[in-house]
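Working notes for the structure below.
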Amino acid sequence: MATPATAEQQPRASARVRVQKFGTFLSTMVMPNIGAFIAWGLITALFIESGWLNLGGGPRAVWGPDSWVAHIGGWGDFADGGMVGPMITYLLPLLIGYTGGKNVYDMRGGVVGAIATMGVIVGTDIPMFMGAMIMGPLGGWSMKKLDALWSHRIRPGFEMLVNNFSAGIWGMLLAIAGFFVMAPVVKAFSTFASSVVDFLVRHDLLPLTSIFIEPAKILFLNNAINHGILTPIGTNQAVETGKSILFLLEANPGPGLGVLLAFMFFGKGMARGSAPGAAIIHFLGGIHEIYFPYVLMKPKLLAAVILGGMSGVFVEVLFGAGLRAPAAPGSIIAIYLQTASDSYLGVTLGVLTAAAVSFAVSAVLLRTDRADDDGDLTAATAQMEANKGTKSSVAGALAGGAAGTSLEGAHSGPIHDIVFACDAGMGSSAMGASVLRRKIRQAGYTDVTVVNKAISSLTDTVDLVVSHEDLTPRAAERTRSALHVSVSDFMSSPRYDEIVDLLGRTNRGEGTTPSTTPVPAAAAADTPAADTPAGTDPSSSPLPLSGIRLGGSATTRDAAIDEAGGLLVDQGAVTQPYVDSMHEREASVSTAMGNLLAIPHGTNEAKGSIHRTGLSFVRYDREIDWDGKPVRYVVGIAGVGDDHLAILAQLAQVFLDEDKLATMDRATSPEEIRDLLAGITL
């Protein structure tokens, strides 16, 4: 039964994940089109009447109202033309609407989403970015649902006719609805949001937004704010006034730079050594996430980035600074390229002030810190990646090469103790340990132990540690004297054979040479139940017929987790919060095992949502992209106590057997799958 703390923590975690997913959903519409925003911003900066080519306009102007610069910029004799207006009014919203529809329902959804977006564009007189973010995905989603209604009822030869006319008719109806209904609603909301921003600016309250924005960045919740509110409203302001300070609220690199500079001067250990490189990546490369682990490692540094952000915004408001278009990534180079011609001083001072305040506060906090070290940077980096939901492209810069990812390391001599480590010591590591243990026993090394543990339980007393490549830096930090091996495929990694070969070299002549007669495969398995015994009682299996589905409907990783988790809920093994925790677990480390298998399971904190041990099995006709790995078989697992460890060990033996895999692929009924997996018992 869950403790009160667990019960309270889970809704909060689920809420964070939902906000993060919503922000990610918005960013997947905007980020692919940032190049178009940059193009529009540069054209605006170059060709408008007060642009760079015209030296700011006024008495210094070098181009007249009938020039080619005016023609492109849309001013003077060409006030009704040019590129600037049509790009911001039509091109950018249509790109967002198309991308949103395509993300939901491929190209067909993108086309319908673009048609629907056109309705809100012409239905109002402001750039319709918010409308595009609504109508684009709505068009793709609704078209997908409509197609499902008659997908199996179209007579052969009429598919193209039905598909084209259904998309055209439905797109027309959505465009009309967008014109008359959605456009006024979005305009009203945009007007209200703009008035709120104006109120904050007039009353000098805009700096207070840093209280929310800076922590949201570190938790990867900022996309919902940035792409859902700041970018649309900021773009509307830029059209009216030529610039917007909203583009600077999240992009200012000053707060993060101050933290990294403080670690350079007052930090210790790995954090101090990696800070200079991180500062360059952050400030010039614009990858802000690289400073997040430093704050996660010392949460009190949130005060530094918040105060730094507030100071920077205050200076920018004081000088009336702003950017012409979003700066993405948040590099100082990208910021200067989008800075309005009258805002260079304000932007520069805003960045420097934010960095100085953040540095001063961070320096005080680090100098007065009584801890002997700067904390676990690798663990903080892993937490950052868990918050993000994917592997960070810059996390390697923080590891400083400390993680051993090969068969070389500090350990020398024979190897007796091998630990397969993962985030929580369950699921992935249990299956990986089972496969590796079987190989080692088959090779005859009967005195070599292979166990699985959580990284937090590791001690520097083992000989060799195997872990997922995303977790190796954390494991290496706790077991510096051990050899470390990174794997990405738990079922059939070639690294397992390398480990067996290593045993042949390190253990020779030490009384641990393998016997001349290899151990039979059956004896090497973790349990004899891995092979289906005759007369097994199906009722003893944690996998009922109701938990088996052939021809699953999911096409994405998250949908497949929902499908497998839903079967666990339907059979009464778990409650819905456990399914939510399966997604949280996936955000930490992928559960794709190799051999076309994925085993999604919940976190340790979600054990209270398990009523009884249960399994679900879903086979897909087409492979699902599971974090870059192909998956056709998804086995959902919920284990009471340590039941999941025995189940995973037995499951590994099934999916290592090519004959059983072939039988599984040919099965036409749930009964065949149940019989094939009948040997998996508690």
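Values as computed for the structure displayed
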| read-out | value |
| --- | --- |
| Residue within the stretch 599-616 that is open to solvent by 10 Å² or more (accessible area, probe 1.4 Å), at pLDDT below 90, within 21 Å of Met491 (Cβ to Cβ) and not polar (S, T, N, Q) present | no |
| Unique residue being farther than 30 Å from His583 by Cβ, open to solvent by 40 Å² or more (accessible area, probe 1.4 Å) and at pLDDT below 55 when the list is Ala522, Ala529 | Ala522 |
| Residue pairs meeting the criteria (Cβ under 7 Å; at least 6 apart or on separate chains; first without any contact (Cβ under 8 Å) to a residue 24 or more places away in the chain, in the stretch 652-674; second in a helix (DSSP H, G or I)) | Lys660/Val654; Lys660/Leu676; Thr663/Leu676 |
| From the options Gly602, Gly614, residue that is within 20 Å of Met431 (Cα to Cα) and within 24 Å of the chain's Cα centre (by Cα) | Gly602 |
| Qualifying residues in the stretch 617-651 (those that are among the charged types (D, E, K, R) and over 27 Å from the mean Cα position of the chain (by Cα)) - the one surrounded by the fewest Cβ atoms within 10 Å (Cβ to Cβ) | Asp642 |
| Any hit, the stretch 477-494, residues being modelled with pLDDT of 80 or more, open to solvent by less than 10 Å² (accessible area, probe 1.4 Å), closer than 22 Å to Pro414 by Cβ and part of a helix (DSSP H, G or I) | no |
| Scope the stretch 141-177; condition among the hydroxyl-bearing types (Ser, Thr, Tyr) and not in a helix (DSSP H, G or I); matching residues | Ser151 |
| Positions within the stretch 281-305 being open to solvent by less than 10 Å² (accessible area, probe 1.4 Å) and more than 22 Å from the chain's Cα centre (by Cα), in sequence order | Leu301, Ala304, Val305 |
| Selection within the stretch 226-251 - polar (S, T, N, Q), touching a Gly at 6+ places or on another chain (Cβ under 9 Å) and open to solvent by less than 10 Å² (accessible area, probe 1.4 Å) | Ser244 |
| Residue that is farthest from Leu138 (Cα to Cα) [pool: residues in the stretch 70-87 that are hydrophobic (A, V, I, L, M, F, W, C) and either surrounded by fewer than 23 Cβ atoms within 10 Å (Cβ to Cβ) or under 31 Å from the mean Cα position of the chain (by Cα) (or both)] | Ala70 |
| Among the residues listed as Ser142, Ser151, Ser50, the single one being free of Cβ contacts under 8 Å to residues at least 24 places away in the same chain and surrounded by fewer than 24 Cβ atoms within 10 Å (Cβ to Cβ) | Ser151 |
| Qualifying position, being touching a Phe, Trp or Tyr at 6+ places or on another chain (Cβ under 7 Å), small (Gly, Ala, Ser), in contact (Cβ under 8 Å) with a residue 40 or more places away in the chain and farther than 17 Å from His288 by Cβ, among Gly269, Gly258, Gly228, Gly234 | Gly234 |
| The stretch 54-69 - residue that is surrounded by fewer than 16 Cβ atoms within 10 Å (Cβ to Cβ) and in a helix (DSSP H, G or I) and, of those, modelled with the lowest pLDDT | Gly58 |
| Test: residue in the stretch 549-570 that is basic (Lys, Arg), farther than 22 Å from Gln653 by Cα and open to solvent by 20 Å² or more (accessible area, probe 1.4 Å) | yes |
| Those residues of the stretch 88-125 which are in contact (Cβ under 8 Å) with a residue 40 or more places away in the chain, closer than 16 Å to Trp40 by Cα and open to solvent by 20 Å² or more (accessible area, probe 1.4 Å), in sequence order | Leu91, Leu95 |
| Matching residues in the stretch 616-651 - criterion: being assigned to a loop (DSSP other than H, G, I, E, B) and not charged (D, E, K, R) | Gly628, Gly639, Val640, Gly641 |
| Search result, residues across the stretch 173-219 that are touching a helix residue (DSSP H, G or I) at 6+ places or on another chain (Cβ under 7 Å), exposed (fewer than 15 other Cβ atoms within 10 Å of the Cβ) and at pLDDT 95 or above | Ile176 |
| Inter-residue pairs, beta-carbon under 6 Å, first more than 15 Å from Ala475 (Cα to Cα) and in the stretch 445-460, second of a type in the set (Ser, Thr, Tyr) and assigned to a loop (DSSP other than H, G, I, E, B), 6+ apart | Asp447/Thr512 |
| Whichever residue in the stretch 453-476 is surrounded by fewer than 17 Cβ atoms within 10 Å (Cβ to Cβ) and over 24 Å from the mean Cα position of the chain (by Cα) and, among such residues, is nearest to Ala646 (Cα to Cα) | Ser457 |
| Among residues of the stretch 252-308, those that are among the hydroxyl-bearing types (Ser, Thr, Tyr) and over 20 Å from Ile335 (Cα atoms), counted | 2 |
| Residues (more than 24 Å from the chain's Cα centre (by Cα), assigned to a helix (DSSP H, G or I) and among the hydrophobic types (A, V, I, L, M, F, W, C)) located in the stretch 106-134 | Val111, Val112, Ala114, Ile115, Ala116, Met118, Val120, Ile121, Val122 |
| Leading residue by the ranking (farthest from Ser50 (Cα to Cα)) among those in the stretch 306-339 that are of a type in the set (S, T, N, Q) and crowded, with 23+ Cβ neighbours inside 10 Å | Ser311 |
| Number of positions in the stretch 577-598 that are part of a loop (DSSP other than H, G, I, E, B), open to solvent by 10 Å² or more (accessible area, probe 1.4 Å) and not polar (S, T, N, Q) | 1 |
| Check on Leu503, at pLDDT 80 or above and hydrophobic (A, V, I, L, M, F, W, C) | yes |
| Selection count, the stretch 652-682, where residues are outside any helix (DSSP H, G or I) and either modelled with pLDDT of 85 or more or out of contact with any strand residue (DSSP E or B) (no Cβ under 9 Å at 6 or more places or on another chain) (or both) | 9 |
| Count of residues meeting criterion [surrounded by fewer than 20 Cβ atoms within 10 Å (Cβ to Cβ) and within 30 Å of Ser588 (Cβ to Cβ)] in the stretch 436-452 | 3 |
| Counted residues, the stretch 340-376 - those being at pLDDT below 65 and surrounded by 17 or more Cβ atoms within 10 Å (Cβ to Cβ) | 3 |
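Here is a yes/no grid of residues against (1) under 20 Å from Thr231 (Cα atoms); (2) modelled with pLDDT of 90 or more; (3) of a type in the set (D, E, K, R):
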position: Ile115; (1), (2), (3): no, yes, no
position: Gly119; (1), (2), (3): no, yes, no
position: Asp125; (1), (2), (3): yes, no, yes
position: Met128; (1), (2), (3): yes, no, no
position: Gly131; (1), (2), (3): yes, yes, no
position: Gly136; (1), (2), (3): yes, yes, no
position: Leu146; (1), (2), (3): no, yes, no
position: Pro156; (1), (2), (3): no, no, no
position: Met160; (1), (2), (3): no, no, no
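The values are calculated or read from the model by the stated rules, or taken from the named source; none is laboratory data. Keep in mind the model is a prediction, meaning the values are calculated, not measured. When we count neighbours, we look across all protein chains shown, and the Cβ atoms used for this are built from the backbone with ideal geometry, even at glycine. With ligands, DNA and RNA removed, areas are computed over all heavy atoms of the protein, side chains included. Shrake-Rupley method; radii C 1.70, N 1.55, O 1.52, S 1.80 Å.
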